[in-house]
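Participant: The structure is given below, and queries will be raised subsequently.
The values are calculated or read from the model by the stated rules, or taken from the named source; none is laboratory data. All values derive from a computational prediction rather than experimental measurement. Methodologically, a virtual Cβ is constructed for each residue, glycine included, from the backbone with ideal geometry; neighbour enumeration extends over all protein chains shown.
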Amino acid sequence: MVASLLTARGLNKQFRSGNQPVSVFRNLSLHLDRGESLALTGRSGSGKSTLLNILCGLEKPGTGSVQVLDEVFEGDTDRQTEARWASLRRQQIGVVFQEANLMPALSLLDNVRLRARLAGQSEDGCRDWLERLRIGELAGRYPDQVSGGQRQRAALAMVFAMKPALILADEPTGSLDRHTAEDVTGQLFDLQARHGCGLILATHDVELATRCSHHLDLGHLPEN
Ligand SMILES: Nc1ncnc2c1ncn2[C@@H]1O[C@H](COP(=O)(O)OP(=O)(O)OP(=O)(O)O)[C@@H](O)[C@H]1O
Ligand SMILES: [Mg+2]
């Protein structure tokens, strides 16, 4: 099996503020092999979420390329490119964002089952994932009937159930108390170790960042 999982080269990203272009990052490159983890840190607004969005194709960089497994993306925006990204997000890239993206009309368990099914995985272990994330008793509830932290854990269960090659997690413990956060983090690193998937997480939690094999501080990138 090829070890290389993700390579990004020369990424530049600008947003417009009024008429002024504002650079978020310049000439950013990174590489991740299977089984490795990378912590993205940096002050609020330094570009962590923007980078995660680019690494899963939800946002386009100004310039630069992203390679995930054997798919290479060089900034094209045609329908075929979008379809390749969508297919990767369905089967290979599990995304947990700051706003948990659950289907409001489905129970937590059915959300996890749907995610597993779309990724071509068995639905058998879906309830177990909710149990392991300590929300098993909420399996039949709808997303608007649980708390933000519980929704976030349901989003993690969805990602675990799809058994992705790469997990992108934006502040996965951001809305959890210390005890639950440690529990969830343990599950995340345990899954990563057992399945050998890659993990990139954006976090303000220094302790969590030190548990990752690599660390990129977006607040201290070299100027180019
Ligand atoms: N759609 C957008 N249009 C204009 N500017 C944007 C847009 N999205 C993000 N930005 C700006 O880009 C910068 C990076 O935002 P981003 O959300 O990536 O930061 P972050 O590091 O994730 O912050 P936080 O720790 O608060 O989540 C910020 O200055 C933000 O205001
Ligand atoms: Mg963010």
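Participant: Which pairs have Cβ atoms under 9 Å, sit 6 or more apart or on different chains, and link a residue in segment 189-202 that is over 12 Å from Asp33 (Cα atoms) and aromatic (Phe, Trp, Tyr) to one that is buried (at least 23 other Cβ atoms within 10 Å of the Cβ) and at pLDDT 85 or above?
Facilitator: Phe189/Leu199
Participant: Can you tell which of Leu11, Leu32, Leu40, Leu52 is within 16 Å of ligand 2 (Cβ to nearest atom), part of a strand (DSSP E or B) and either surrounded by 20 or more Cβ atoms within 10 Å (Cβ to Cβ) or free of Cβ contacts under 8 Å to residues at least 40 places away in the same chain (or both)? Steps first, please.
Facilitator: On the way: Leu11 fails: within 16 Å of ligand 2 (Cβ to nearest atom); Leu32 fails: within 16 Å of ligand 2 (Cβ to nearest atom); Leu52 fails: part of a strand (DSSP E or B).
Every option except Leu40 fails the conditions.
Participant: Here's another thing I want to ask about it. Has segment 166-174 got at least one residue that is touching a Phe, Trp or Tyr at 6+ places or on another chain (Cβ under 7 Å), more than 16 Å from ligand 2 (Cβ to nearest atom) and aliphatic (A, V, I, L, M)? I'd like the intermediate steps shown before the answer.
Facilitator: So the first thing to find is which residues in segment 166-174 are touching a Phe, Trp or Tyr at 6+ places or on another chain (Cβ under 7 Å), and the list is 170.
Next, only the ones that are more than 16 Å from ligand 2 (Cβ to nearest atom) stay: none.
The answer is no, given that none of the residues of segment 166-174 is touching a Phe, Trp or Tyr at 6+ places or on another chain (Cβ under 7 Å), more than 16 Å from ligand 2 (Cβ to nearest atom) and aliphatic (A, V, I, L, M).
Participant: Note down all Cβ pairs under 6 Å where the first residue falls in segment 68-80 and is closer than 15 Å to Ile93 by Cα, the second is among the charged types (D, E, K, R), and they're at least six residues apart or on different chains.
Facilitator: Glu71/Arg84
Participant: Name the helices (runs of 4 or more DSSP H) wholly inside segment 118-221 in which the number of residues that are touching a strand residue (DSSP E or B) at 6+ places or on another chain (Cβ under 6 Å) and among the aliphatic types (A, V, I, L, M) is 3 or more. I'd like the intermediate steps shown before the answer.
Facilitator: On the way: elements: 126-132, 148-162, 178-195, 206-210.
Helices (runs of 4 or more DSSP H) meeting the threshold: 148-162.
Residues are listed down the side, and each one gets a yes or a no for (1) touching a Cys at 6+ places or on another chain (Cβ under 9 Å); (2) surrounded by 20 or more Cβ atoms within 10 Å (Cβ to Cβ); (3) within 19 Å of Gln98 (Cα to Cα):
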residue	(1), (2), (3)
Trp129	no, yes, no
Tyr142	no, no, yes
Ala155	no, yes, yes
Ser175	no, no, yes
Thr180	no, no, yes
Gly196	no, no, no
Leu199	yes, yes, yes
His204	no, no, yes
His214	no, no, no
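Participant: What residue, among those in segment 60-105 that are assigned to a helix (DSSP H, G or I) and under 27 Å from Arg153 (Cα atoms), is nearest to the chain's Cα centre (by Cα)?
Facilitator: Quick first cut of segment 60-105, residues assigned to a helix (DSSP H, G or I) only: 79-91.
This time we only want the ones that are under 27 Å from Arg153 (Cα atoms), so: 85-91.
On the way: Trp85: 14, Ala86: 14, Ser87: 15, Leu88: 12, Arg89: 10, Arg90: 13, Gln91: 13 Å.
Among residues in segment 60-105 that are assigned to a helix (DSSP H, G or I) and under 27 Å from Arg153 (Cα atoms), the one nearest to the chain's Cα centre (by Cα) is Arg89.
Participant: Which residue, of Gly64, Gly57, is farther than 29 Å from Arg151 by Cα, free of Cβ contacts under 8 Å to residues at least 60 places away in the same chain and surrounded by 17 or more Cβ atoms within 10 Å (Cβ to Cβ)?
Facilitator: Details: Gly57 fails: farther than 29 Å from Arg151 by Cα.
Of the residues listed, the single one that is farther than 29 Å from Arg151 by Cα, free of Cβ contacts under 8 Å to residues at least 60 places away in the same chain and surrounded by 17 or more Cβ atoms within 10 Å (Cβ to Cβ) is Gly64.
Participant: Let me ask something else about it. What single numbered condition from (1) within 28 Å of Gly219 (Cβ to Cβ); (2) touching a Lys or Arg at 6+ places or on another chain (Cβ under 7 Å) fails to hold for Glu59?
Facilitator: Condition not satisfied by Glu59: (2).
Participant: Among (1) on the phi > 0 side of the Ramachandran plot; (2) more than 19 Å from the chain's Cα centre (by Cα); (3) not in a strand (DSSP E or B), where does Gly57 come up short?
Facilitator: Unmet condition: (2).
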